[in-house]
Amino acid sequence: MFFCGPACIRMVCKYYNKPTPIPTQDQIYRGDGLWSWNPASIYTSGLSAGDIVKWATYRWGKTGTIATSFSNSVAISEIENNRPFFSMIPGHFRLCRGYIAQNGYTYLRLNDPLPVGSTYGNAGLLERTYGSSESTRIYVR
């Protein structure tokens, strides 16, 4: 549905233990005071990368940076500095929480909030950085 962004935000809320109490996915989707929806359009679309940046600023006290060109060294640095980041494919958010370098390739370890039983839905999903469909990353520092 439209809750992949809120699910990923909630994962990071739990990681940083902020804000407390941790809001529900519905509270996050509705904006928790940061944005609002036209009542007629609620649950018709998902969050944007800009919404993640806004959340990072006002709920975690951090800076969110949207990137559309990627570097394995930046991804590795983020993870090694204990900073999970958002990894988007067209129309969908995931959260990168680790990496593996193997046989000359870097693989991102993703928490993908798609429903259990889908081709994703695997907390340990590995995706090779070269040739993936990743379109955007949002670093939270």
- line: Considering residues that are in contact with a strand residue (DSSP E or B) (Cβ under 7 Å, 6 or more places away or on another chain), farther than 23 Å from T129 by Cβ and of a type in the set (D, E, K, R), the number found within region 42-80 is 1
- request: For Y29, indicate whether it is hydroxyl-bearing (S, T, Y) and crowded, with 16+ Cβ neighbours inside 10 Å.
  value: yes
query: Taking region 55-79 as the search range and keeping residues that are farther than 19 Å from C8 by Cα and in contact (Cβ under 8 Å) with a residue 40 or more places away in the chain, which one is surrounded by the most Cβ atoms within 10 Å (Cβ to Cβ)?
result: F70
query: Looking only at residues in region 79-113 that are farther than 24 Å from G50 by Cβ and of a type in the set (D, E, K, R), which one is modelled with the highest pLDDT?
result: E80
query: Can you tell which of N38, N82 is closer than 19 Å to Y15 by Cα, of a type outside the set (S, T, Y) and open to solvent by 80 Å² or more (accessible area, probe 1.4 Å)?
result: N82
query: If we scan region 44-54, do we find a residue that is among the basic types (K, R) and buried (at least 19 other Cβ atoms within 10 Å of the Cβ)?
result: no
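The values are calculated or read from the model by the stated rules, or taken from the named source; none is laboratory data. Only a predicted model underlies this, so the values are computations on that prediction, with no experimental measurement involved. Positions of Cβ are generated from backbone atoms using ideal geometry, with glycine treated the same way; all protein chains shown enter the neighbour counts. Calculation scope for accessible area: heavy atoms of the full protein, side chains included, ligands and nucleic acids excluded. Shrake-Rupley method; radii C 1.70, N 1.55, O 1.52, S 1.80 Å.
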